[in-house]
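Accompanying notes for the structure given below.
The values are calculated or read from the model by the stated rules, or taken from the named source; none is laboratory data. Just so it is clear, the model here is predicted, and its values are computed rather than measured. Positions of Cβ are backbone-derived with ideal geometry, glycine not excepted, and every protein chain shown enters the neighbour counts.
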Amino acid sequence: MSGVAIIGTTTWGVTLGVVLARNGIDVRLWARTEQECTQLKNAQHHADVLADVTLPPQLSITASLPEALDGADAVILAVPSQRMRQNIKLASGYLDGSMLIVSAAKGLEIDSNKRMSQVIADEISPSFWPNICVHSGPNLSAEILGGLPAVAVVAAWNEAIARKAQKLLNTPSICLYTNSDVIGVELGGALKNIIAMGAGIADELGYGDNVKAALITRGLTEMTALGVALGANPLTFSGLTGLGDLIATCSSPLSRNHYVGVELTKGRPLKEILESMTGMAEGVGTTIVAHNLSKLFELEMPITEKIYQVLYQGLDPRKASLELMEAEARHELMGRRWRLFSLFRH
């Protein structure tokens, strides 16, 4: 029987554990403390989403990291992006050359501006680098735990490794595609959270579906422009981890990043919003990184810029939206240092 270790008792970590265990895979979920173990087993941890979920018998929960990783075919890191480095450091001594190392985090590290696969590579033996994979897509935990189907992507630089991960992690609940564009898959999953906060602002302002469609489309163009600058395939952003995840996150009230945008528009302070949430809104930190990268590459990313100003410079969301609407419009594929126009003009 295949075995999977999951590091991270986030909602998404627990969701992946439940789904894989329902498919007959032996899953060991690592909790940091015995108290957290007990709370998870009694559905007291993440009670809002686990109240009606019965943990499958194939899912075990342990506070011992060596026990969780022992003999596993894959380890999935479903942790907040700002804690990825410390978690992979803890796990690095228990990895072996046959184990797939899968990032299921959708964010960018603030201090380094790095993607999660880069952070993982920093902390493990170079001989294990080929086994690094990325799992991403339009996946809302509450829907999947409720038995609804979903589709996702697993990416690795080596297509054979991606197919190996696909075979192990594909389930009736989550159909997995493969991709070899690790950069694009990671950036799509991370950057869409910034646009989702903008969608929350637009929804709370009552701007309607016309503006929502425009925001999603212009946001996708910004995401693609930054992706191309960082070496991604632009077509990846038209796929599940780009456009697909963007639509789900911008449209669903289940999205934490959308919720942040709504609450900011109501006038609540960011600190208060984040402290009241049970999960992590990855877009809040990712906005800092995207803003840094846009300056580094001299890219025009007006939506990202306005979200940054709302989050960190006190700009009123209403004023931000008006400034975006009043911005000078040019050819929609042209922007300072964007390579998109030359890519598509022929």
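If you check ASN210 against the conditions, is it more than 23 Å from ILE120 (Cα to Cα) and surrounded by fewer than 21 Cβ atoms within 10 Å (Cβ to Cβ)?
Yes: the conditions hold for ASN210.
Exactly one condition in (1) more than 12 Å from the chain's Cα centre (by Cα); (2) crowded, with 19+ Cβ neighbours inside 10 Å; (3) farther than 21 Å from LEU20 by Cβ; (4) free of Cβ contacts under 8 Å to residues at least 60 places away in the same chain is false for GLY188; which is it?
Result: GLY188 fails condition (1) only.
Could you list all residues from the range 247-296 that are surrounded by fewer than 16 Cβ atoms within 10 Å (Cβ to Cβ), in a loop (DSSP other than H, G, I, E, B) and either modelled with pLDDT of 95 or more or of a type in the set (Asp, Glu) (or both)?
Answer for the range 247-296, where residues must be surrounded by fewer than 16 Cβ atoms within 10 Å (Cβ to Cβ), in a loop (DSSP other than H, G, I, E, B) and either modelled with pLDDT of 95 or more or of a type in the set (Asp, Glu) (or both): LYS266, GLY267, ARG268, PRO269.
Here is a check on your reading of the model: is PRO130 surrounded by fewer than 16 Cβ atoms within 10 Å (Cβ to Cβ) and either assigned to a strand (DSSP E or B) or not assigned by TED's automatic domain parsing to the domain that holds ASP245 (or both)? So that I can check it myself, show each step before the final result.
Details: surrounded by fewer than 16 Cβ atoms within 10 Å (Cβ to Cβ): yes; either assigned to a strand (DSSP E or B) or not assigned by TED's automatic domain parsing to the domain that holds ASP245 (or both): yes.
So PRO130 fits the description; yes.
Specify the residue that is surrounded by the fewest Cβ atoms within 10 Å (Cβ to Cβ); the eligible residues are those in the range 157-185 that are under 16 Å from ALA229 (Cβ atoms) and not hydrophobic (A, V, I, L, M, F, W, C).
Residue satisfying both the conditions and the ranking: ASP181.
Scan the range 94-116 for residues that are polar (S, T, N, Q) and either surrounded by 24 or more Cβ atoms within 10 Å (Cβ to Cβ) or free of Cβ contacts under 8 Å to residues at least 12 places away in the same chain (or both) and report the count.
Quick first cut of the range 94-116, residues polar (S, T, N, Q) only: 98, 103, 112-113.
Add one more test, that the residue is either surrounded by 24 or more Cβ atoms within 10 Å (Cβ to Cβ) or free of Cβ contacts under 8 Å to residues at least 12 places away in the same chain (or both), and what stays is 103, 112.
Within the range 94-116, residues that are polar (S, T, N, Q) and either surrounded by 24 or more Cβ atoms within 10 Å (Cβ to Cβ) or free of Cβ contacts under 8 Å to residues at least 12 places away in the same chain (or both) number 2.
State whether the residues of the range 316-327 include one that is at pLDDT 95 or above and within 27 Å of SER112 (Cα to Cα).
No, the range 316-327 contains no residue that is at pLDDT 95 or above and within 27 Å of SER112 (Cα to Cα).
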